[in-house]
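Read the structure below first, then the notes.
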Amino acid sequence: MSLAASWRERRALGPPVAHTFRRAYADRWVRFHSLPGSKRHPESEDEYAIVLHRYNTVLDELFAGVDVFVVTMDWSNTPDGPPGHPAPRRRFHPAGVRWWTEADVDDPDPDFHTHTRLYADRRPWRRGRVDDLLRAVADDVLAEVFITDVQLRRIHHPYDGGADVILTTPAERDRLRARYADWLPANSVGL
């Protein structure tokens, strides 16, 4: 079964567009911040080390010993046109193969149509293996990245400032949230 067919079957609540996961899977979602005090962007190598440690620690919890899909994104005004801005997706994810295009053509003006194109590759999970990509996410160079096991049961969506994590059940979410409580957002809604 193709990755796109697997997504449609196993994740029917919506397309594989990372910023939508929090709403679609709210009962299994938790957010972790990348830096103490909810600081958004690292400014030193020591802070990058903290960011990468937090990303990799949660990724290890989710994916140790299994294969994952690493998914990146670009977008265009047409399904097959050049990316809408010069994003370095290929530099950080050269093995990514396009597997999905999500069209947003609701606006009557075609100049405002967008086509989100997703690229994936499959690899065994190993701590540190995607550090360059995670660092690019932390620097807001790449967006809409996510990592999922090949059964699409757990999803890790890093962003500049933290990571949204989708677990299999509310109970699993609660256990992970409790284990890394110091990394949770301070506000009551978890943002």
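The values are calculated or read from the model by the stated rules, or taken from the named source; none is laboratory data. Quick caveat: nothing in here was measured; it's all calculated off a predicted structure. Cβ coordinates were reconstructed from backbone atoms using ideal geometry, including for glycine residues, and neighbour counts include every protein chain displayed. Only protein heavy atoms, including side chains, enter the accessible area calculation; ligands, DNA and RNA are left aside. Shrake-Rupley method; radii C 1.70, N 1.55, O 1.52, S 1.80 Å.
Find the residue count for the stretch 1-31, including only residues that are touching a helix residue (DSSP H, G or I) at 6+ places or on another chain (Cβ under 7 Å) and under 18 Å from R175 (Cα atoms).
Of the residues in that region, 4 qualify.
Does S34 meet the test of being of a type in the set (S, T, N, Q), farther than 20 Å from F69 by Cα and in contact (Cβ under 8 Å) with a residue 60 or more places away in the chain?
Taking the combined requirement at face value, the residue satisfies it.
Mind listing just one residue for me: the one in the stretch 83-116 that is touching a residue at least 12 places away in the same chain (Cβ under 8 Å) and of a type in the set (A, V, I, L, M) and, of those, surrounded by the most Cβ atoms within 10 Å (Cβ to Cβ)?
So the residue we want is A87.
Answer yes or no as to whether V145 is more than 30 Å from S44 (Cα to Cα), in contact with a strand residue (DSSP E or B) (Cβ under 9 Å, 6 or more places away or on another chain) and either of a type outside the set (K, R) or surrounded by 16 or more Cβ atoms within 10 Å (Cβ to Cβ) (or both).
No.
Would you confirm whether any residue within the stretch 61-82 is crowded, with 18+ Cβ neighbours inside 10 Å, under 20 Å from G161 (Cβ atoms) and modelled with pLDDT under 95?
Scanning the stretch 61-82, I find at least one residue that is crowded, with 18+ Cβ neighbours inside 10 Å, under 20 Å from G161 (Cβ atoms) and modelled with pLDDT under 95, so the answer is yes.
What do you reckon, is T168 under 26 Å from L3 (Cα atoms) and open to solvent by 30 Å² or more (accessible area, probe 1.4 Å)?
Yes: the conditions hold for T168.
Condition check: of a type in the set (F, W, Y) and in contact with a Pro (Cβ under 8 Å, 6 or more places away or on another chain). Does F92 satisfy that?
Against the criterion (of a type in the set (F, W, Y) and in contact with a Pro (Cβ under 8 Å, 6 or more places away or on another chain)), F92 does not qualify.
Among the strands (runs of 3 or more DSSP E) contained in the stretch 105-185, which hold 1 or more residues that are of a type in the set (S, T, Y) and under 18 Å from the mean Cα position of the chain (by Cα)? Lay out the reasoning, then the answer.
On the way: elements: 114-124, 146-149, 155-159, 162-166.
Hits in the stretch 105-185: 114-124, 146-149, 155-159.
I'd like the full set of residues that are surrounded by fewer than 19 Cβ atoms within 10 Å (Cβ to Cβ) and either among the aliphatic types (A, V, I, L, M) or within 23 Å of A171 (Cβ to Cβ) (or both), limited to the stretch 32-50.
If the condition is that a residue be surrounded by fewer than 19 Cβ atoms within 10 Å (Cβ to Cβ) and either among the aliphatic types (A, V, I, L, M) or within 23 Å of A171 (Cβ to Cβ) (or both), then A49, I50 are the ones that fit.
Kindly list the number of the only condition in (1) in a loop (DSSP other than H, G, I, E, B); (2) of a type outside the set (S, T, N, Q); (3) within 21 Å of V141 (Cβ to Cβ) that fails for G14.
(3)
Output the qualifying pairs, or none if there are none: Cβ atoms under 7 angstrom, residues six or more apart or on different chains, first residue in the stretch 157-175 and without any contact (Cβ under 8 Å) to a residue 40 or more places away in the chain, second residue loosely packed, with under 14 Cβ neighbours inside 10 Å and not in a helix (DSSP H, G or I).
That search, which allows pairs on different chains as well, returns nothing.
Residue check: is L191 at pLDDT 95 or above, among the aliphatic types (A, V, I, L, M) and either under 30 Å from T78 (Cα atoms) or outside any strand (DSSP E or B) (or both)?
Considered against the rule, which asks whether it is at pLDDT 95 or above, among the aliphatic types (A, V, I, L, M) and either under 30 Å from T78 (Cα atoms) or outside any strand (DSSP E or B) (or both), L191 comes out as no.
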